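Chemist: To start, I am sharing the structure in question, which I have written as structure tokens.
The values are calculated or read from the model by the stated rules, or taken from the named source; none is laboratory data. Since this is a predicted model, take the numbers as computed values, not measurements. Don't worry about glycine lacking a Cβ; one is built from the backbone with ideal geometry, like all the others, and counts go over all protein chains shown. All accessible areas refer to the heavy atoms of the entire protein, side chains included, with ligands and DNA or RNA removed. Shrake-Rupley method; radii C 1.70, N 1.55, O 1.52, S 1.80 Å.
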Amino acid sequence: MEKMYTFLIINPGSTSTKISIFENDKEIITETIRHSTEKINSYKEIYDQFDFRKELIMKTLADKNINLSKLSAIIARGGNMKPVVGGTYQVNEEMLKDLKIGVMGQHASNLGGGLAYSIATELGL
């Protein structure tokens, strides 16, 4: 029997945050959380949106009755970082710093690594 892994994937965009839950390679849910332009523009810097977006992610997961204790890992897409070889990387302090300061430019996708790291840390992942 194949071992079951459950993943939360986070993909922040300019006016939305997309989240998905996968069990191995099977999509369980995908939600697009829309943000009004007025709300997004009320934040001076992109990283000022961090708590707002995290709260919405957590509320959406609760509303969908997602059992967070079953998560195996949290994955984020995107982010303007220093050039790296394509692939999957574990979030670390250097990455978080580069995303926050926008070392290669500011974009909402820079929030992804920090959101994933924050939620994972709270869940002990």
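Chemist: Give 60, 88 a once-over and let me know the one that is touching an Asp or Glu at 6+ places or on another chain (Cβ under 9 Å) and under 28 Å from residue 28 (Cα atoms). It would help to see each step written out before you state the result.
Modeler: Numbers: 88 fails: touching an Asp or Glu at 6+ places or on another chain (Cβ under 9 Å).
Of 60, 88, the one residue that is touching an Asp or Glu at 6+ places or on another chain (Cβ under 9 Å) and under 28 Å from residue 28 (Cα atoms) is 60.
Chemist: Related question: Specify the residue that is modelled with the highest pLDDT; the eligible residues are those in the stretch 46-89 that are closer than 22 Å to residue 107 by Cβ and of a type in the set (Ser, Thr, Tyr). Lay out the reasoning, then the answer.
Modeler: From the stretch 46-89, those closer than 22 Å to residue 107 by Cβ are 46-57, 60, 74-89; that's our starting set.
After this cut, where a residue has to be of a type in the set (Ser, Thr, Tyr) as well, the list is 47, 60, 88-89.
Working: 47: 95, 60: 98, 88: 87, 89: 89.
For the stretch 46-89, the residue satisfying everything is 60.
Chemist: Name the residues in the stretch 33-77 that are open to solvent by 60 Å² or more (accessible area, probe 1.4 Å) and in contact with a strand residue (DSSP E or B) (Cβ under 8 Å, 6 or more places away or on another chain), would you?
Modeler: Residues satisfying the conditions are 34, 64, 70, 75, 77.
Chemist: May I pose another question? Only one of (1) farther than 24 Å from residue 106 by Cβ; (2) not in a loop (DSSP other than H, G, I, E, B) fails for residue 11. Which number is that?
Modeler: The one condition residue 11 does not meet is (1).
Chemist: Next question, about the same structure. For the stretch 78-97, how many residues are open to solvent by 40 Å² or more (accessible area, probe 1.4 Å) and assigned to a helix (DSSP H, G or I)? Please lay out each step first, then the result.
Modeler: First pass over the stretch 78-97, keeping only residues open to solvent by 40 Å² or more (accessible area, probe 1.4 Å): 78, 80-90, 92-94, 97.
Retained after the next criterion (residues that are assigned to a helix (DSSP H, G or I)): 93-94, 97.
Total satisfying the criteria: 3.
Chemist: Same structure, new question: So, in the stretch 81-95, exactly how many residues are within 14 Å of the chain's Cα centre (by Cα) and under 22 Å from residue 16 (Cβ atoms)?
Modeler: So the count comes out to 1.
Chemist: For the stretch 98-125, which residues satisfy the criterion of being on the phi < 0 side of the Ramachandran plot and in a loop (DSSP other than H, G, I, E, B)?
Modeler: So in the stretch 98-125, the residues on the phi < 0 side of the Ramachandran plot come out as 98-101, 103-104, 106-123, 125.
If the condition is that a residue be on the phi < 0 side of the Ramachandran plot and in a loop (DSSP other than H, G, I, E, B), then 103, 104, 106, 107, 125 are the ones that fit.
Chemist: How many residues, within the stretch 21-75, are among the small types (Gly, Ala, Ser), part of a loop (DSSP other than H, G, I, E, B) and in contact (Cβ under 8 Å) with a residue 40 or more places away in the chain?
Modeler: Initial filter on the stretch 21-75 (among the small types (Gly, Ala, Ser)): 36, 42, 62, 69, 72-73.
Retained after the next criterion (residues that are part of a loop (DSSP other than H, G, I, E, B)): 36, 42, 72.
Next cut, in contact (Cβ under 8 Å) with a residue 40 or more places away in the chain only: 72.
Residues in the stretch 21-75 being among the small types (Gly, Ala, Ser), part of a loop (DSSP other than H, G, I, E, B) and in contact (Cβ under 8 Å) with a residue 40 or more places away in the chain: 1 in total.
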